[in-house]
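Here the structure is laid out as structure tokens; the discussion comes afterwards.
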Amino acid sequence: MNATSHPSAPTPGPIAVCMHGFSPVAADGTRLHDADAETWDGVFSQVERLGFTAIEIADSHIRPSELTASRRAELKSIATSHGVELVSVHVQRQSVIQPGKGEENLAYAHRAIDAAAELGMSVFSTGLHQPFSEAQRAALWFWTAPGPVDPDDADTRALAVRRLRELGEHAASVGLPMSLEMYEDTYLGTADSAVRLIEEIGLDNVGLNPDIGNLVRLHRPIEDWREMHEKTLPYANYWHMKNYARDEAADGSWQTSTPTSMELGLINYRAMVARALELGFRGPFLMEQYGGDSLGVCARNRDYLTSLLPATAGA
């Protein structure tokens with residue numbers, strides 16, 4: 001993919017909401033994936049009441065490819081009844097180079113692409129992050145504990161490129177852009193490495209999800225957020241947006257962060273959105289928030305983002 005190729009919609013949008021505000025497992029142990037139609041209706045009713053017209057289906061909550069055809073149709077019908085578009089499926093922590101599970105995860109991603117196309121989605125979203133470590137599961141905020149790390153190994157990186165290219169070609173064959181989420185300690189964990197990965201894959205429909213918030217929140221030294229955006233935004237085709245208040249010692253001895261709204265955090269989204277539009281970003285936006293009233297903060301962030309966009313965008 002070259003830095004000026006944008007295969008998605010002619011104007012930016014829509015603005016979708018994440019599923020972090022919904023529990024993936026009910027109090028009785030029933031997974032949202034297996035929940036009845038009434039429960040799903042309650043999810044989309046809340047999305048509608050908050051004024052959202054689009055949602056990202058995270059496979060931590062619902063795996064469209066693992067539903068029967070009739071249940072996929074039911075999911076789409078319920079969403080449509082509330083005026084909500086299923087904008088994307090996000091396959092997370094299913095890395096195609098995860099030791100011992102890479103081929104299984106690759107096959108799953110192929111099924112997810114077909115399901116996304118069947119449901120009329122606009123993006124297939126994934127990345128290279130792996131399941132949480134025990135330390136991450138025990139932490140208040142998972143990003144404060146060490147997790148899996150992609151090896152500094154040319155053969156493993158080449159395998160990632162081949163498998164992601166295979167997925168990208170499949171996505172292209174069904175008319176979908178594929179977006180790769182930036183995430184620490186993966187081959188998408190720095191701006192330079194992420195851009196190089198997209199160029200190594202070399203497909204016009206494969207771009208970046210420049211989720212710099214994933215990196216700003218780390219309790220370690222990070223790249224300058226402005227420079228990261230400048231390098232990655234030309235390759236962006238989908239955008240997870242969230243922000244963190246960050247503080248750090250001048251001598252690098254400590255760093256800390258906490259989730260906050262897009263407007264109040266370290267990243268200046270007014271400037272970054274303007275720069276993205278200038279560079280030709282035309283993909284959907286995804287409002288994301290950890291902690292507190294995730295859905296409420298996402299709604300406030302949507303209103304803030306809407307104020308930064310042309311009147312014709314983000315509808």
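The values are calculated or read from the model by the stated rules, or taken from the named source; none is laboratory data. Please read all numbers here as calculations on a predicted model, not as lab measurements. Here Cβ is always computed from backbone atoms with ideal geometry, including for glycine, and neighbour counts include all displayed protein chains. For accessibility, only protein heavy atoms count, side chains too; no ligands or nucleic acids. Shrake-Rupley method; radii C 1.70, N 1.55, O 1.52, S 1.80 Å.
Going by the structure shown, is residue 155 outside any loop (DSSP other than H, G, I, E, B), open to solvent by 40 Å² or more (accessible area, probe 1.4 Å) and touching a His at 6+ places or on another chain (Cβ under 9 Å)? Answer is no for this residue. Scanning region 232-261 for residues that are open to solvent by 20 Å² or more (accessible area, probe 1.4 Å), part of a strand (DSSP E or B) and small (Gly, Ala, Ser) returns a single hit, 245. Condition first: free of Cβ contacts under 8 Å to residues at least 40 places away in the same chain and either over 24 Å from residue 298 (Cβ atoms) or in contact with a strand residue (DSSP E or B) (Cβ under 6 Å, 6 or more places away or on another chain) (or both). Can you find one or more residues in region 108-129 that meet it? Scanning region 108-129, I find no residue that is free of Cβ contacts under 8 Å to residues at least 40 places away in the same chain and either over 24 Å from residue 298 (Cβ atoms) or in contact with a strand residue (DSSP E or B) (Cβ under 6 Å, 6 or more places away or on another chain) (or both), so the answer is no. Close contacts from region 49-70, counting a first residue that is in contact (Cβ under 8 Å) with a residue 60 or more places away in the chain and more than 15 Å from residue 109 (Cβ to Cβ) and a second that is part of a helix (DSSP H, G or I) and among the charged types (D, E, K, R), with Cβ to Cβ under 9 Å and a gap of 6+ residues or different chains, come to 50/302; 51/302; 51/303; 52/302. Take the conditions (1) farther than 21 Å from residue 200 by Cα; (2) exposed (fewer than 15 other Cβ atoms within 10 Å of the Cβ); residue 143 misses just one of them, which is (2).
Please find, among 137, 163, 72, the residue that is open to solvent by less than 50 Å² (accessible area, probe 1.4 Å), charged (D, E, K, R) and over 26 Å from residue 36 (Cβ atoms). One residue alone meets the criteria, 163. Scanning region 63-100 for residues that are in a loop (DSSP other than H, G, I, E, B), more than 12 Å from residue 116 (Cβ to Cβ) and of a type in the set (Val, Ile, Thr) yields 68, 84, 96, 97.
Does residue 279 satisfy the condition of being of a type outside the set (Val, Ile, Thr), open to solvent by 30 Å² or more (accessible area, probe 1.4 Å), modelled with pLDDT of 95 or more and within 18 Å of residue 179 (Cβ to Cβ)? Considered against the rule, which asks whether it is of a type outside the set (Val, Ile, Thr), open to solvent by 30 Å² or more (accessible area, probe 1.4 Å), modelled with pLDDT of 95 or more and within 18 Å of residue 179 (Cβ to Cβ), residue 279 comes out as yes. Has region 104-123 got any residue that is out of contact with any Leu (no Cβ under 6 Å at 6 or more places or on another chain), of a type in the set (S, T, N, Q) and part of a loop (DSSP other than H, G, I, E, B)? Yes, that holds for at least one residue. Checked against (1) open to solvent by less than 40 Å² (accessible area, probe 1.4 Å); (2) in a helix (DSSP H, G or I), residue 207 passes all but condition (2).
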